[in-house]
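Right, one structure below, let's go through it.
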Amino acid sequence: MLAFTLRRILQAIGVMLAVGVIAFAMFRFAGDPVNQMVSIDTSAAQRAEIRHSLGLDDPVLVQFAHYFINALQFKFGVSYQFRLPVSSLLAERMPATLELAICATLLAMVAGILMGVYSALRRDTILAKLFQAVSLIGISLPTFLIGILLIYLFAVTLGWLPSFGRGEVVKLGWWSTGLLTVSGWKAIIMPAITLGLFQMTLIMRLVRAEMLEVLRTDYIRFARARGLTTRAIHFGHALKNTLVPVITVAGLQFGSVIAFSIITETVFQWPGMGLLFVQAVQNVDIPIMAAYLLMVSLIFVTINLVVDILYTVVDPRLRATVSRAT
Amino acid sequence: MSDAVVPHRSEDNAQAPRGGAGWLRSALDSDIFYSFRRSKLTMVAAAVTVLFFLLAIFASWLAVQNPFDPAQLQLINSRIPPLWAADGQSPFLLGTDEQGRDVFSAILYGMRISLAAGVSGVVFAGALGIVLGLIAGYFGGVIDTIIMRIADVQLTFPAILIALLVNGVAKSVLGNRLDETATLGVLVIAIGLSFWVQYARTVRGSVMVEKNKDYVAAAQLIGLPAPKIMLRHVLPNTMGPILVIATINLALAIITEATLSFLGSGMPDTMPSLGTLIRIGNNYLFAGEWWIVAFPGIALAGLILSINLLGDWLRDALNPKLR
C-alpha cells in the first residue's frame with residue numbers, strides 16, 4: 001500500500017516534469033521572447049542586453065532550472081500581449097473558471113442522478129426514452145452549438161438571461177464571486193448548463209446502468225422479502241450503492257470540465273482562464289499558453305493521483321467500473 | 001442497437017455467379033450487411049452520411065455561386081432570409097450573409113473543408129497510432145514502455161486541449177501568416193497528434209496476442225524482415241477494431257476541427273469550414289439573422305450525429321460478443 005502510494009506520487013512528479021519540459025520548450029523555442037518585447041528600431045546591442053538580463057544566453061539546462069524554480073513559485077514570466085505577470089492574470093481569472101466549473105459539475109450530478117434513477121426505475125415510459133434521446137444529443141452536439149442555441153432561445157428571443165459576462169461581481173479578498181448577486185446567478189445559468197451537459201449525460205448513463213445492475217442483486221431481493229417499502233429499497237439501498245462510482249467519475253471529470261470551459265467561456269465571453277488561453281493562442285502569447293498548460297496539468301495529475309490512491313483505500317472493484325465509464 | 005442476429009441463409013447461395021459479381025453477392029450475404037438491413041436507424045444514418053459526402057464532393061456543381069470568389073458576390077444580395085420567409089429571393093435557398101454570400105453554397109464548400117480536415121486527421125492519427133502500436137507491441141521492452149507511457153500521459157488530457165496547444169505552437173513557429181492550405185495542414189497534424197493514442201493501444205494489444213501465433217513464427221523462420229511481417233501479416237488481423245475507432249474518431253475529429261475554427265484558431269474566413277461559418281454567423285445572431293448560423297449548425301450536427309450512429313452500429317456489428 002505504501003509502496004503503491006509512493007510509486008504513484010513519483011509517477012505524478014515524473015509527468016509534471018515532462019509537462020514542464022514541454023512548457024519550457026514552448027516558452028524558449030517557439031518564438032523569440034526578445035523579438036516580442038522590443039520594437040523594430042531597437043539596436044542589436046540593446047537586444048543583446050535584454051537577452052542577457054533575461055538570462056537567455058545561459059546554457060539551456062540552466063535556463064530550464066530557472067524556469068522550473070520560478071514555476072514552483074508560480075512565476076511564469078510576463079504576458080506578451082498584456083505586459084503583466086502571467087501569474088497575476090491567471091489568479092485574477094481563476095475564480096470565474098472555478099465557479100463555473102463547480103456549478104456545472106453540481107448541476108450535472110444532480111440532474112444526471114435524477115434522470116438516471118428515473119430512467120432505470122421507469123424504463124419504458126416516454127420520459128425515460130426522452131432522457132435517452134437527450135443524452136444522445138448531448139454526446140453528439142458540439143459544446144459551442146449548444147451554447148449558441150441557448151443564447152438564441154433565452155437571450156435573443158425571450159430576453160430572459162444575459163448572453164455574455166458574469167454579471168455583477170463581489171470581491172471577497174482576492175476572490176471575486178458572482179454568486180452573491182442576482183445578475184451573477186442569471187449570468188451563470190446558461191454557461192453552467194452548456195458546460196455540464198456532457199457530464200450530465202455521462203452520469204445519467206452511468207447511474208442508469210449501475211441501478212439496473214444493483215436492482216438485480218440478492219440483497220435487494222432480500223430487502224423486498226423483508227417487506228421494506230419500495231422507496232426505502234430504491235433510495236436507501238440501491239441508489240446509495242451507485243453513488244460511489246458516480247462521485248468518482250464526477251471527480252475524475254472535473255479536470256476535463258476545466259479544460260472544456262475553454263469553449264464555453266468563449267461562447268459566453270466568460271472572463272475566466274479558458275478565455276484568456278484562447279486569446280493567448282490567437283495572439284501567440286506563449287508565456288500564458290505554457291502557464292495554462294502547467295496549471296491544467298497540475299489539476300489533472302493531482303485529481304488522478306488522489307483518485308488512484310483512494311481506490312486502493314476504498315474498494316479495488318471500483319477500478320473496473322470507472323475505466324469502463326470514462 | 002444490436003438486434004439478435006439469426007444465422008442468415010441465402011436461398012440461392014449455390015448458384016452465386018462467379019467473378020466480380022460473386023464478390024458483391026458474398027458481401028451482400030454477409031452478417032454485417034444483414035445486421036445493417038435490420039436497423040432502420042443505421043440505414044438512415046448511412047444515407048445521410050453518404051449524402052453529405054456527395055454534397056461536399058460535388059459542391060462546385062451544386063452551389064449557385066463560388067462563395068469565396070469575391071467577383072461573384074454582390075452586396076445588393078446581402079442579408080436575404082431563407083427562400084420560404086417573406087423576403088426570400090431565388091436562387092438563395094437558405095438566405096445570404098452580410099457579404100451577399102449564399103448560405104447554402106457556403107455550407108457545401110465548408111462541408112468539403114470540414115470533411116477533408118476530419119478524414120485526413122483520422123488517417124494521419126490512424127497511421128501514426130498504428131505504426132507506433134505495431135512497433136510497441138512487436139518489439140516490446142524499452143520501446144514499448146516509452147511509447148505507452150507517453151500514450152498514458154496524453155490520454156489524461158482532453159484531445160481539444162492538445163489540438164489547441166499543437167495548433168498554437170505550430171503557428172508561433174511557422175509565423176502567424178500561413179496561407180489557407182498550410183492552416184489546413186496544421187489542423188490535420190494537430191488532430192492527428194491528439195487522437196493517435198487509441199489506435200496505438202488497440203493495435204499494440206492485438207499485436208501482443210498475434211505475435212505468439214504460429215503464422216508469425218513461420219514468417220520469422222523463412223526470414224521475412226520485421227516491417228514486412230508487421231505490415232503484411234500481423235496488421236490485417238488487427239483491422240476490425242481499428243475500423244470502429246476510425247469511424248467514431250471521424251465524428252470527434254470533425255467536432256475538434258469545428259471547435260478550433262469556432263474558437264478562431266482554425267480555418268480562416270477566406271476558406272471557412274463549418275466551424276468558421278458558425279463563428280461568423282454567431283456575430284449576426286443578435287441582429288435577428290438566425291439563418292446565417294442556424295443552417296451551418298444543423299449541417300454540422302446532422303453530419304456528426306449520423307457518423308456517430310454509424311460508428312455505434314459498426315461497433316456492435318463487428319463485436320461477436322454482443323450477438
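Summary table below
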item: Count of lysine pairs in segment B:40-322 with Cα separation under 24 Å (8 or more residues apart, or interchain); result: 5
item: Ascending count of other beta-carbon atoms within 10 Å, so fewest first, for A:LYS129, B:LYS211, B:LYS171; result: A:LYS129, B:LYS211, B:LYS171
item: Folded to 0 to 90 degrees: helix B:239-262 orientation relative to chain B principal axis, Cα; result: 20
item: Range of Cα positions in segment A:92-282 per principal axis (Å), largest first; result: 60, 37, 32
item: Helix-only CD estimate at 222 nm, as mean residue ellipticity for chain A, using -39500 (n - 2.57) per DSSP H run (n ≥ 4); result: -24000 deg cm²/dmol
item: Amide H partners (placed H, <5 Å) of A:VAL78, local residues excluded; result: A:VAL86
item: Amide H partners (placed H, <5 Å) of B:THR96, local residues excluded; result: B:ARG79, B:ILE80, B:VAL103
item: Potential lengthening between A:ILE22 and A:TYR219 on full extension [0.36 nm per residue; Cα-Cα distance subtracted]; result: 65.8 nm
item: Hydrodynamic radius of segment B:110-158 per Kirkwood, over alpha carbon pairs, in Å; result: 12.3
item: Charge dipole (chain A, unit charges on Cβ, about Cα centre) - positive-most of A:ILE113, A:LEU212, A:ALA101; result: A:LEU212
item: Anchor A:LYS171: lysines whose Cα lies under 20 Å away (excluding residues fewer than 8 positions away in-chain); result: A:LYS186
item: Residues A:LEU172, A:LEU243, A:LEU161 arranged by fewest to most Cβ contacts within 10 Å; result: A:LEU172, A:LEU243, A:LEU161
item: Anisotropy class of chain B from Cα gyration tensor, a/c 1.5 cut; result: oblate
item: Fewest-first sequence of A:ARG47, A:ARG208 by Cβ atoms within 10 Å of each Cβ; result: A:ARG47, A:ARG208
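Only the coordinates and a few stated rules stand behind these numbers; no lab work does. All values reported here derive from a predicted model rather than from experimental measurement. Please note: Cβ atoms are built from the backbone with ideal geometry, for glycine as well, and neighbour counts cover all protein chains shown.
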